[in-house]
Amino acid sequence: MSDIINILPDSVANQIAAGEVVDRPASAVKELLENAIDAGAHNIQLIVKDAGRTLIQVVDNGCGMSDSDARICFERHATSKIHQAGDLFDLHTMGFRGEALASIASIAQVELRTRKPDSELGTVVVIEGSHIESQQPCSTALGTSISVKNLFYNVPARRNFLKRDSIELGHIEETFKRIALAHCDIAFSLHSNGRPLYELQPGNLAQRITHLFGNNYKERLYAIEEQCDIVSLHGYVGKADYARRTRGDQYLFVNGRYIKHPYLGAAIEKSYADLIPADQHPAYFVMLNVDPSRLDVNIHPTKTEVRFIDESAIFAILRSAVKKALGQFSLDNQIEFNPCTEIDFTPAPKGYTPPAPKVHYDPTYNPFNSHRDTSAGSQKWENFFDTDTPADTSLATTPADFDSASNSEAPQHDTLFPMADTKADDQMACLQVQRRWIVASLSSGLLIVDQQRAHERILFERLCAHNAPVNAQQLIFPINCSFQSADAEALNELLPMLREQGFDLQPLGGNNYVAVAVPDAACEDNLQQLLDEMIADFKASLLQSADNSRQQALCRTLARRMAIKAGTALSQEEMQQIVADLFRCQVPTTSPSGKKTLTILPPEKIME
Ligand code: ADP
Ligand code: MG
């Protein structure tokens, strides 16, 4: 039999390797930026066109390459960073496998211009699909400029797999931020389609954070610092007030490299245990430095996972550092979170007599009839209070339901809240307990409603259904807002959705806008923060490619902002209204984020 094994040509082998190293424009960006850093550059420019599809260019003022290095760097396993296996255990560079440039050159049209300080002329190499097309002397600035054009031009499957530009650009931006945060002493800029998105001067970490994320981050962070033999760490952690539902701004670095480390991430999040709700996440920017020999280096360099030998010790040190920062600086929070001992309830109005129990039901009602009138006169809750059937307390939490609010047909609760033709303001005595819960007596037991969560649910459904009369309130004093360039770009995409919700933002040029109307007075205070938060949620939903949930995410953020907060005293009418509105919701039992809104204590449980 004839031999059947042959060695793959380099161009094919490189393309296969490229599949691992470069899966989207952002991963090429990461490799090129890291090479520039390894080259000792202190000024690095990143230029992209069409979210990196057409062009990714990185210009650095690093050490440059000699004529022959400029050619050899595109060979597989061409690296100047390790010479022997032992070097692997003392790595201080970002790359070391000599694979990135070979991979990129196999799937794109690349032009490399480079010059070393000791030579007057530089060299320009053109390479396409692993094939060197030309090399010539050229005059060029000191350092290296590499242009990667038409990424995946010869891998249509990959090219077709790319997401739309705003998503790919989002990934590039995220990569850029991670690298820029880890190297505050280097000047970076990012231009997209000719527009500057970031221009970062060298500085300290705090300055870098505010340049990347906006000036208002100054007030949102506490500094942390700890030094010991195992680890030295420094950075910033977010104040509890600014915790968010998305894990957006969480950055952990070890020895100048961004890492994902759920275990150490948990060390930080756990420090907030009593300060923020379980479904919210603090921002953090934490730099760890450990002896490289105490890190597992046997990892794929494009992956962000690492292993520490002293993992549990580092966990404990990190946690105590964060707790110290929170404890030292957040006395006001502690006061707020002290359990309130005062019992505060609003008595029933004078002369109030509870109504005699009566059973209402609509014999024509069909729960599978998809069209439901939710306007006044078709309240479903009322009967709930009068019913003789013991309340089904198992209805209390069905987190899977919480996103289904926008699917207008969800008959599951109708059997529990049969229609009745009574008015919402029919008398029902409500008590407010600790300015947080609304308590009412039902024949089936004791109803306890969490006022804030209930109101969030009510607003969320109204916002999702667009049936809220969008009562945009014209502002007497319009509010100026300004955004990071990259955020302003996202805001432009978001504007139509915001308009539907009652925000009227007019562009003032540059990245400045003026708000002339908002949907609710609650949006007026700190409007900038609300908009920043909505943009961040929006960008996070872009990265998760969750197209369909974008609108819901927006409604959730808005509902959270506009809802009556725990701690607000409510009048009898307000309480009745909340309870009535809640039971008109499609998913009355859970808040938009899946928490219980209500509980019913059946009589036998009241005094066990
Ligand atoms: P690695 O970074 O793993 O060594 P790469 O394929 O990314 O592999 O780069 C190959 C080599 O090319 C590097 O080791 C370095 O010597 C050289 N090189 C790449 N980019 C630059 C740059 N911007 N400036 C100077 N040298 C560079
Ligand atoms: Mg490299």
**Asked** Hey, does segment 209-228 have a residue that's open to solvent by 60 Å² or more (accessible area, probe 1.4 Å), over 13 Å from PHE285 (Cβ atoms), in contact (Cβ under 8 Å) with a residue 60 or more places away in the chain and over 18 Å from the mean Cα position of the chain (by Cα)?
**Response** no
**segment 582-608, residues that are β-branched (Val, Ile, Thr) and in a loop (DSSP other than H, G, I, E, B)** = VAL587, THR589, THR597
**Asked** Checking ASN154 against (1) modelled with pLDDT of 85 or more; (2) assigned to a helix (DSSP H, G or I), which test does it fail?
**Response** (2)
**Asked** For segment 281-299, which residues satisfy the criterion of being in contact with a strand residue (DSSP E or B) (Cβ under 8 Å, 6 or more places away or on another chain) and either open to solvent by less than 30 Å² (accessible area, probe 1.4 Å) or assigned to a strand (DSSP E or B) (or both)?
**Response** HIS281, PRO282, ALA283, TYR284, PHE285, VAL286, MET287, LEU288, ASN289, VAL290, LEU295, ASP296
**Item:** Single match in LEU446, LEU442, LEU459 (criterion: buried (at least 20 other Cβ atoms within 10 Å of the Cβ) and aliphatic (A, V, I, L, M))
**Value:** LEU459
**Item:** Residue among ARG178, ARG195 that is charged (D, E, K, R), open to solvent by 20 Å² or more (accessible area, probe 1.4 Å) and over 22 Å from TYR251 (Cα atoms)
**Value:** ARG195
**Item:** Given (1) in a helix (DSSP H, G or I); (2) at pLDDT 80 or above; (3) not small (Gly, Ala, Ser), index of the condition ASN548 fails
**Value:** (2)
**Asked** Which of the residues spanning segment 237-247 are surrounded by 19 or more Cβ atoms within 10 Å (Cβ to Cβ) and assigned to a loop (DSSP other than H, G, I, E, B)?
**Response** LYS239, ARG245, THR246
**Prompt:** If we scan segment 259-277, do we find a residue that is in a strand (DSSP E or B) and over 19 Å from the mean Cα position of the chain (by Cα)?
**Reply:** no
**Message:** Exactly one of these conditions fails for GLU409: (1) under 23 Å from ALA559 (Cβ atoms); (2) at pLDDT 50 or above. Give me its number.
**Reply:** (2)
**Request:** State all residues of segment 29-83 that are over 21 Å from GLY170 (Cα atoms) and in a helix (DSSP H, G or I); if no residue qualifies, say none.
**Result:** ASN35, ALA36, ILE37, ASP38, ASP67, SER68, ASP69, ALA70, ARG71, ILE72
**Item:** Residues satisfying the stated conditions in segment 151-175, i.e. of a type in the set (S, T, N, Q) and surrounded by fewer than 16 Cβ atoms within 10 Å (Cβ to Cβ)
**Value:** ASN160, SER166
**Asked** Any residue at all in segment 158-165 that is out of contact with any Asp or Glu (no Cβ under 7 Å at 6 or more places or on another chain) and modelled with pLDDT of 95 or more?
**Response** no
**Request:** Looking only at segment 43-60, count how many residues are within 13 Å of ligand 1 (Cβ to nearest atom) and open to solvent by 50 Å² or more (accessible area, probe 1.4 Å).
**Result:** 2
**Item:** Search result, residues across segment 556-577 that are open to solvent by less than 10 Å² (accessible area, probe 1.4 Å) and in a helix (DSSP H, G or I)
**Value:** THR557, LEU558, ALA559, MET575
**Message:** Suppose we filter SER147, SER139, SER134 for residues that are within 30 Å of PHE253 (Cβ to Cβ) and out of contact with any Ser or Thr (no Cβ under 8 Å at 6 or more places or on another chain); which single one remains?
**Reply:** SER147
**Asked** Quick check: is even one residue across segment 127-146 part of a strand (DSSP E or B), touching a Lys or Arg at 6+ places or on another chain (Cβ under 7 Å), touching a residue at least 40 places away in the same chain (Cβ under 8 Å) and surrounded by fewer than 18 Cβ atoms within 10 Å (Cβ to Cβ)?
**Response** yes
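The values are calculated or read from the model by the stated rules, or taken from the named source; none is laboratory data. As the structure is a computational prediction, the values presented were derived from the model and not from experiment. Ideal geometry is used to build each Cβ from the backbone, glycine not excepted, and the neighbour counts take in all protein chains shown. We work out accessible area using only protein heavy atoms, side chains counted, and drop any ligands, DNA or RNA first. Shrake-Rupley method; radii C 1.70, N 1.55, O 1.52, S 1.80 Å.
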